[in-house]
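Colleague: Structure incoming, see below.
The values are calculated or read from the model by the stated rules, or taken from the named source; none is laboratory data. Computed from a predicted model, the values in this text were never measured in an experiment. When we count neighbours, we look across all protein chains shown, and the Cβ atoms used for this are built from the backbone with ideal geometry, even at glycine. Keep in mind that these areas ignore ligands, DNA and RNA; they rest on the heavy atoms of the full protein, side chains included. Shrake-Rupley method; radii C 1.70, N 1.55, O 1.52, S 1.80 Å.
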Amino acid sequence: SKKIARNLLTLFLSLITTILFAQNEVLISDDANLIISENTYFKVPGNVELGNGTSGKITMKGNTFEVTGDLNINAGSNFDISNGTFSATNTNFAETSTVTYDGTNQEIKNYNYGALILNGTGNMQVTGTLASPTTCKSLTINNTGNNMYVAEGKAITIEGELVNNAGVEGIKIASSPNGDGSVISYTTDVDATVGRYISGNRWYYLSSPIDAAPISLFNTNNFLWWDASMEWGGLGDYDPWKSFQEANLYNVQGYAYYYYEDTIMYKGKMNVSDYSYTLRKNSGGLEDNQGWNLIGNPYTSVLDWDAAVADGAVPTGVENAIYFFDDDGTGAQSNYRYYVPSTGGTYGVGTNDGTGKIPLGQAFFIKTNTDNAVLNFSKDYRVHNAQSFYKSDDQEFIKLRIYNDYYDETIIRLVDNSSYAFDAEYDARKLFPNNLVPQIYCIGEGGKQIAINSIPEIQTNTIIPIGVDAVEGEYKISLDQSAFDNYDIYLVDNYENVATNLNYVSSYSFSHEGSKIDNRFYLAFKELASEVNEIDLGISLYPNPASDYVKIINTNGAEFNFVKIYSVNGTIKYYNGNAKGPNEIDLSNFSEGIYFIQIGLNDGNIFHQKILIQK
């Protein structure tokens, strides 16, 4: 394809409606300036090279500049956008190239810029998203009245120097019920206005994204901090909550604030540095109640807790789990969200939509078992993120949910090197909001109440006690998620003496008397019989599917201790405790559906198999 070189030449395109280049490649050489004037539609059906490596310039004043191929802005080149619409199939910016936006209320295209300069007026709107952020090597914002506006769900990363000559209004990060804007930069002492939306008439746990935020931003009658150095008696004891009396907020410190619906507008220097925070623990009272610290994300983007833990931010003596309190505004269905991070080769997991991606301005609880342990936050833990942290399909966990009008969850997962007791590295303790939300939790060895319970393995004889805490009423428990495909999972109700196979029913319904009961339920696991097991035991069923009868074929001649058939909800439909050998079982009174047969052999083996009854 032919190249067109413009050396030491300014090409003016003015008073022309449409310019269409026929060549597939256009070269704008060093020291050349292509000016696209107003009312001009300029289209290149191919590639455009801007500069040979030292200079070269395009000045776009309007209306449309369309490159159907690639626009390559080479080292030292300049692309000035005052107005109009620009598009290219691919755009490549050298690190030392410069793109300047002039005009009013421009959209900053979602590209990977070299130097980015904002010279215009009004809102210069970032168009990069949280999933695909705008990036640049450096950013300069000029002119009072000009601002870079980062709307909800939009994001930008400034990898090098950030200069804001437009004052505290020169960078605006939005926040609303639809989400937050996100900015990651590395230059200290840069002014910005950072929004933090809070829902109305409820407690909100927050932290400041700017340095030394003034307490005057808040209604101080409803602004509290948590004094972890005080003795805490547990649920219902609010002594550690103290009115905040300082002039300015502290970085990383978490606070509780109660106010009507509003957007807090922090104005000041954005937090971009590494931070250390000393965690406190009182030596008195129960160990379970001490060492709870309220801390927060100090940055203008999401803080990745998994990255922090993996990097060693959490010191020895501090537990890895984090705890969010979600206030519904009435207190009736306020509840805790739990998250245990990926560590030691494990995966991160959360209940009640808990996630390791901590939003801008969000505070959370963490527990230390050592006084004066130092937590370290690095700016490298910042990410642009809008989604909850989801698990992959092959991770071994189950999630139980208890619900009526409200719900709560508990998780059991397999983790190497964990134990059946509470593991500070892998588990999350259970906290209780003391309201109408029913609570479900695991009981570890030693009686510890656990929200996220990591255990080393599942076997046929594995038993996991499940506790509930709820007001008097009717409830359901369901298997919300499971990755244990090789096991039938039974919820056993000790009060009703009922075993329910949660793999085959939507939920188990029960009445609760209205108290905390640690031994109301337990989970039991039965490994599904495989063809190999059937051959080894010499037992098979015929026919299957069955209609009016089923025969037990016993080729090894092993003596039976018992034979029983039970339904998917665990109800025993047939039992013979005197069976000694092959049997034919009458199924004429059975309804259609899935059943399970269990045969106990005198050598201690147990045969399991599913039966499908079709009439």
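Colleague: Can we say Leu139 is farther than 18 Å from Asp30 by Cβ, open to solvent by less than 30 Å² (accessible area, probe 1.4 Å) and free of Cβ contacts under 8 Å to residues at least 60 places away in the same chain? Please lay out each step first, then the result.
Modeller: Working: farther than 18 Å from Asp30 by Cβ: yes; open to solvent by less than 30 Å² (accessible area, probe 1.4 Å): yes; free of Cβ contacts under 8 Å to residues at least 60 places away in the same chain: yes.
So Leu139 passes the test.
Colleague: Would you tally the residues in segment 561-606 being at pLDDT below 80, under 21 Å from Thr500 (Cα atoms) and either surrounded by 18 or more Cβ atoms within 10 Å (Cβ to Cβ) or of a type outside the set (S, T, N, Q) (or both)?
Modeller: Selection size over segment 561-606: 5.
Colleague: Follow-up. Looking at (1) of a type in the set (A, V, I, L, M, F, W, C); (2) modelled with pLDDT under 95; (3) in a strand (DSSP E or B), which is the only condition Ala332 fails?
Modeller: The one condition Ala332 does not meet is (3).
Colleague: Now a separate question. Within segment 303-330, how many residues are under 13 Å from Pro433 (Cβ atoms) and open to solvent by 10 Å² or more (accessible area, probe 1.4 Å)? Walk me through how you get there before you give the answer.
Modeller: Kept after step one, since they are under 13 Å from Pro433 (Cβ atoms), are these residues of segment 303-330: 323-328, 330.
Within this subset, residues satisfying the condition of being open to solvent by 10 Å² or more (accessible area, probe 1.4 Å) are 324-328, 330.
Residues flagged as under 13 Å from Pro433 (Cβ atoms) and open to solvent by 10 Å² or more (accessible area, probe 1.4 Å) within segment 303-330 amount to 6.
Colleague: Which one is farthest from the chain's Cα centre (by Cα), of the residues in segment 438-451 that are open to solvent by less than 10 Å² (accessible area, probe 1.4 Å) and within 28 Å of Val309 (Cβ to Cβ)? Don't jump to the end; show me each part of the working.
Modeller: So the first thing to find is which residues in segment 438-451 are open to solvent by less than 10 Å² (accessible area, probe 1.4 Å), and the list is 438-442, 444, 450-451.
Imposing the further condition that a residue be within 28 Å of Val309 (Cβ to Cβ) reduces the set to 439-442, 444, 450-451.
Numbers: Gln439: 22, Ile440: 22, Tyr441: 21, Cys442: 23, Gly444: 26, Ile450: 20, Ala451: 17 Å.
In this case the residue turns out to be Gly444.
Colleague: Is there a residue being crowded, with 22+ Cβ neighbours inside 10 Å, closer than 21 Å to Tyr426 by Cα and at pLDDT 95 or above anywhere in segment 342-355?
Modeller: No.
Colleague: Going by what's in this entry, would Phe223 be described as in contact with a Ser or Thr (Cβ under 8 Å, 6 or more places away or on another chain) and surrounded by fewer than 20 Cβ atoms within 10 Å (Cβ to Cβ)? Break it down stepwise before answering.
Modeller: Working: in contact with a Ser or Thr (Cβ under 8 Å, 6 or more places away or on another chain): yes; surrounded by fewer than 20 Cβ atoms within 10 Å (Cβ to Cβ): yes.
Yes, satisfied.
Colleague: Of everything in segment 229-263, what is touching a strand residue (DSSP E or B) at 6+ places or on another chain (Cβ under 6 Å) and open to solvent by less than 10 Å² (accessible area, probe 1.4 Å)? Give them in sequence order.
Modeller: The answer is Pro240, Val252, Gly254, Tyr255, Ala256, Tyr257.
Colleague: Regarding segment 369-378, can at least one residue be identified that is of a type in the set (Gly, Ala, Ser) and either open to solvent by 50 Å² or more (accessible area, probe 1.4 Å) or under 30 Å from Thr129 (Cβ atoms) (or both)? Steps first, answer last, please.
Modeller: Of the residues in segment 369-378, the ones of a type in the set (Gly, Ala, Ser) are 373, 378.
Next, from what is left, pick out any that are either open to solvent by 50 Å² or more (accessible area, probe 1.4 Å) or under 30 Å from Thr129 (Cβ atoms) (or both): 378.
Scanning segment 369-378, I find at least one residue that is of a type in the set (Gly, Ala, Ser) and either open to solvent by 50 Å² or more (accessible area, probe 1.4 Å) or under 30 Å from Thr129 (Cβ atoms) (or both), so the answer is yes.
Colleague: Next up: Name the pairs: first residue in segment 82-99 and aliphatic (A, V, I, L, M) and modelled with pLDDT of 90 or more, second residue open to solvent by 30 Å² or more (accessible area, probe 1.4 Å) and part of a loop (DSSP other than H, G, I, E, B), Cβ to Cβ under 9 Å, at least 6 apart or on different chains?
Modeller: Hits for this filter: Ala94/Gly53; Ala94/Asn74; Ala94/Ala75; Val99/Lys109; Val99/Tyr111.
Colleague: Can I ask one more? Across segment 146-167, which residue is nearest to the chain's Cα centre (by Cα) among those that are aliphatic (A, V, I, L, M) and surrounded by 18 or more Cβ atoms within 10 Å (Cβ to Cβ)? Explain how you work it out, then say what you get.
Modeller: The first filter runs over segment 146-167 and keeps only residues aliphatic (A, V, I, L, M), leaving 148, 150-151, 155-156, 158, 162-163, 166.
After this cut, where a residue has to be surrounded by 18 or more Cβ atoms within 10 Å (Cβ to Cβ) as well, the list is 148, 150-151, 155-156, 158, 162, 166.
Values: Met148: 28, Val150: 22, Ala151: 21, Ala155: 17, Ile156: 20, Ile158: 24, Leu162: 29, Ala166: 35 Å.
If we take residues in segment 146-167 being aliphatic (A, V, I, L, M) and surrounded by 18 or more Cβ atoms within 10 Å (Cβ to Cβ), then Ala155 is nearest to the chain's Cα centre (by Cα).
Colleague: Test each condition in (1) farther than 17 Å from Asp102 by Cβ; (2) at pLDDT below 90; (3) in contact with a Ser or Thr (Cβ under 7 Å, 6 or more places away or on another chain); (4) not hydrophobic (A, V, I, L, M, F, W, C) for Asp70 and report the one that comes out false.
Modeller: The single condition Asp70 does not satisfy is (2).
Colleague: If you go through segment 403-425, how many residues are within 22 Å of the chain's Cα centre (by Cα), touching a residue at least 60 places away in the same chain (Cβ under 8 Å) and farther than 16 Å from Ala524 by Cα?
Modeller: Of the residues in that region, 6 qualify.
Colleague: In segment 408-461, what count of residues is obtained for those that are hydroxyl-bearing (Ser, Thr, Tyr) and in contact with an Asp or Glu (Cβ under 7 Å, 6 or more places away or on another chain)?
Modeller: Taking segment 408-461 first, the residues hydroxyl-bearing (Ser, Thr, Tyr) are 410, 418-420, 426, 441, 454, 460.
Still in the list and also in contact with an Asp or Glu (Cβ under 7 Å, 6 or more places away or on another chain): 420, 454, 460.
Result for segment 408-461: 3.
Colleague: Could you please give the count of residues in segment 147-167 that are closer than 13 Å to Gln125 by Cβ and assigned to a loop (DSSP other than H, G, I, E, B)? Walk me through how you get there before you give the answer.
Modeller: Within segment 147-167, the first condition is being closer than 13 Å to Gln125 by Cβ, and the residues that meet it are 147-156.
Checking which are assigned to a loop (DSSP other than H, G, I, E, B) leaves us with 151-153.
Number satisfying all stated conditions: 3.
Colleague: Continuing with this model, one more query. Taking the residues in segment 168-220 that are under 22 Å from Thr127 (Cβ atoms) and over 28 Å from the mean Cα position of the chain (by Cα) as candidates, determine which candidate is most open to solvent (accessible area, probe 1.4 Å).
Modeller: Of everything passing the filter in segment 168-220, Glu169 is most open to solvent (accessible area, probe 1.4 Å).
Colleague: Just to be sure, is Ala131 small (Gly, Ala, Ser), outside any strand (DSSP E or B) and touching a residue at least 40 places away in the same chain (Cβ under 8 Å)?
Modeller: Working: small (Gly, Ala, Ser): yes; outside any strand (DSSP E or B): yes; touching a residue at least 40 places away in the same chain (Cβ under 8 Å): yes.
Yes, satisfied.
Colleague: I would also like to ask the following. Kindly provide the set of residues from segment 413-458 that are modelled with pLDDT under 95, under 22 Å from Ser334 (Cα atoms) and hydrophobic (A, V, I, L, M, F, W, C), ordered by number.
Modeller: If the condition is that a residue be modelled with pLDDT under 95, under 22 Å from Ser334 (Cα atoms) and hydrophobic (A, V, I, L, M, F, W, C), then Leu431, Phe432, Leu436, Val437 are the ones that fit.
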